[in-house]
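Have a look at the structure below, then the notes.
Any read-out appearing in this document is the output of simple, stated calculations on the displayed coordinates, not a laboratory observation. It should be emphasised that the depicted structure is a prediction, and the values quoted were computed from it without experimental measurement. Reconstructed Cβ throughout: ideal geometry from the backbone, glycine too, with neighbour counts over all protein chains shown.
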Amino acid sequence: MKDSFDREINYLRLSVTDLCNLRCRYCMPKNGICKLSHEDVLRIEELLEIVKVFESLGIQKVRLTGGEPLIRRGIIELVESIAKLEGIKDLAITTNGILLKKYAKSLKDAGLNRVNISIDTLRENKFSYITRGGKLKDVLEGIEAAKKVGLSPIKLNIVLIDGFNEDEIEDFAKITLTERIDVRFIELMPIGQVRDFAIEKFINNKIVLEKIPDLIRIPNSELHSPAVYYKIPNSKGRIGFINPISCKFCDSCNKVRVTSQGKLKLCLHSNEEIDLKTPLRQGKNLRDIICEKVKNKPLSHNLEDGTCINKNMVQIGG
Ligand code: SAM
Ligand code: SF4
């Protein structure tokens, strides 16, 4: 499936819930978000049906996200069903890791290939602050559990936040010396009700290169990945940069998103959403709708002009 700029669309990010067991300050408003009614959220069978339609259109990579995907009832069954689809070559989850210790083995057994774990600090008190009450120990145990069952490669997502975690860049980078783990620094994006946090606390990812000058660029590390990868000489893991603001990667964007309410989003930073839930429940042909709409995928975001979407990141999934 191609968009009108000849970009091959082969990656679906599917949000399975907009609820979360944490409240990260850059993602979720302090008082949370309005809980949706049961009817408004796609059922597990409907999520699967949507993945099947995308598979038939050439989607090969699926990432389950949230909210927090591991709090969604039926997540293991969903993983198991998606993993059985022949066209899906890569099935991954992005999680805050809190429940990973509990679910790592079941996820692996169900056919999940790999996991990205979000962890913005290695200090307990700072973790509790940024997540509004989360326990770092749970995530560290989750990472260990993922390693143990072989959910690899493990990627750690670290959102860089001014005055909060730039003093830990070297500590995160050191993980790659001895572990086959990718550590990826993500630039803060202004999104939804908490956009001001990102505007105030943004740091350009180039700070990582300033702090670790001996990094070596890995050429063409991942063609369609938003991350550009580097390495410390002789390290086991890689260091990735996801720079949506300072160096946008829209030209090679290969993804679309579907929210837990069944809205197709062609660009994270656009307010436009296409309802798939209603036609799905009416038994209409989703293939035609998706094919037609994908042609309208915007060429690029306009964050640099101060454009910012209304929905919160927790409702989209990153
Ligand atoms: N709950 C899961 C987690 O935290 O990994 C999955 C959903 S979360 C929305 C997906 C990713 O988006 C996380 O890595 C998170 O750090 C990132 N994220 C959330 N808000 C962000 C923002 N304003 N700017 C940049 N990244 C953000
Ligand atoms: Fe929840 Fe993930 Fe958002 Fe944090 S980043 S509030 S863990 S959805």
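Here are the numbers:
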| read-out | value |
| --- | --- |
| Choice from LYS52, LYS147, LYS211 with maximal GNM fluctuation in the chain (Cα, 10 Å cutoff) | LYS211 |
| Which of THR278, THR176, THR131 has the fewest Cβ neighbours within 10 Å, and the rest in rising order | THR278, THR176, THR131 |
| Net charge of neighbours whose Cβ lies under 13 Å from the Cβ of GLU68, counting Lys and Arg as +1 and Asp and Glu as -1 | +2 |
| Cys with no candidate disulfide partner in the chain (beta-carbon separation under 4.7 Å rule) | CYS20, CYS34, CYS247, CYS250, CYS253, CYS267, CYS291, CYS308 |
| 222 nm mean residue ellipticity, helices alone, for the chain (DSSP H n ≥ 4; -39,500 (n - 2.57); rounded to 500) | -8000 deg cm²/dmol |
| Quotient of C-alpha Rg and 2.2 N^0.38 Å, computed over region 119-187 | 1.09 |
| With Cα atoms, 0 to 90° folded angle of helix 136-149 axis to the chain main axis | 70 |
| Calculated P(r) of region 11-316 - Cα pairs past 31 Å, % | 26 |
| Percentage relative contact order, the chain, counting C-alpha pairs under 8 Å, at least six apart | 22 |
| Footprinting exposure proxy for THR65, THR95 (fewest neighbouring C-beta atoms within 10 Å first) | THR65, THR95 |
| Inter-part distance where region 53-128 and region 158-195 are each reduced to a Cα centre, Å | 20 |
| Normalised convex hull volume, region 1-101, alpha-carbon set, Å³ per residue | 128 |
| Chain lengthening between GLU45 and ASP275 when straightened (0.36 nm per residue, less Cα-Cα) | 81.1 nm |
| Helix 44-56 axis, angle to the chain major axis (alpha carbon atoms, nearest 10°) | 90 |
| When each of LYS248/LYS293; LYS102/LYS126; LYS126/LYS206; LYS52/LYS297; LYS108/LYS284 is checked by Cα-Cα distance, pairs over 31 Å | LYS108/LYS284 |
| Charge dipole (debye, nearest 20) of the chain; +1 at Cβ of Lys and Arg, -1 at Cβ of Asp and Glu | 600 |
| In degrees, nearest ten, helix 169-178 long axis to first principal axis of the chain (Cα) | 80 |
| Scattering curve values for region 110-230, log₁₀ I(q)/I(0), Debye with Cα scatterers, q = 0.16, 0.20 Å⁻¹ | -0.88, -1.32 |
| Reachable aspartates and glutamates from LYS35, criterion Cα separation under 13 angstrom, eight or more residues apart if same chain | ASP18 |
